[in-house]
Amino acid sequence: MARAERIYLTGFMGAGKSATGRRLAEVLGWRFIDLDERVEKTSGLPIAEIFERLGEHDFRLVERAELEATLDHARVVVATGGGALAQPGALELLRGRGLIVWLKLPFAELAERVEAAGAGMRPLYEDRQRARQLYRERLSFYRQADLVLAVGGGQAVESIARRLAAELGVEACAT
């Protein structure tokens, strides 16, 4: 696989993008950016509150600006939000400028993870039926990733990060 300067982790909510991304960045000795954290910092509001006060449209505007800002960095792992790459032009923005990796889990496991962590923290998770519909809507975008990494079943973040580093052919730092 071609060496990438940027790795973008995508996948549905609960896929472990942030935890995996943070650990992958440590393994590689790269910088880590959590897109949702950047949106919160820029807006000064938690994501749930952004959705409540300003709506999804305004959230997506800030998210897009933060996604574009990641292109200013090299040797970076970016955990995107679950819907970030499903927005118009987002995949095209990143294509050829970074490697897009889909952390793929069965929907049932994703839903269990989100519900266990508190579905109320996820503004677009109303209930399982609506979440399944949203998941299906986003699948066509996730499937356009450069690499699909099937994860789940209780795999440890450390194991996933090291497996991903190996898949990418990027040498891990001694950590």
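What follows draws every value from the coordinates through simple rules; no lab data is involved. Please read all numbers here as calculations on a predicted model, not as lab measurements. Counting neighbours? That spans all protein chains shown, and the Cβs are built from the backbone with ideal geometry, glycine included.
When the distances between all Cα atoms of the stretch 17-175 are binned every 5 Å from zero, what whole-number percent does each bin get?
P(r) over the stretch 17-175, rounded to whole percents: 1, 8, 17, 21, 22, 18, 10, 3, 0.
Residue by residue through the stretch 101-109, what is 3J(HN,Hα) from phi via Karplus (6.51 cos²θ - 1.76 cosθ + 1.60, θ = phi - 60°)? Round to whole Hz and write x for glycine and proline.
Coupling constants for the stretch 101-109: 10, 8, 7, 9, 10, x, 4, 4, 5 Hz.
For TYR8, which sequence-distant residues (separation of 5 or more, or a different chain) have an amide H within less than 5 Å of its own amide H, given hydrogens modelled in the peptide plane?
Counting only residues 5 or more places away or on other chains, the set is VAL78, LEU99, ILE100, VAL101.
Once both labels are modelled 7 Å past Cα along the beta-carbon direction, what's the ARG113-GLU37 spacing in nm?
1.7
How charged is the neighbourhood of GLN144? Take every other residue with its Cβ under 13 Å from the Cβ of GLN144, and add Lys/Arg as +1 and Asp/Glu as -1.
Net charge around GLN144: +2.
How far is it, in nm, from the label point at ARG128 to the one at ASP72 when both lie 7 Å from their Cα along the line to the Cβ?
Each label point lies 7 Å from its Cα, and together they span 4.4 nm.
List the trypsin sites (Lys or Arg not before Pro) within the stretch 67-161 that fall in a DSSP loop (any state other than H, G, I, E or B) and whose Cβ has at most 11 other Cβ atoms within 10 Å.
Within the stretch 67-161, the qualifying trypsin sites (Lys or Arg not before Pro) (loop, at most 11 other Cβ atoms within 10 Å) are ARG143.
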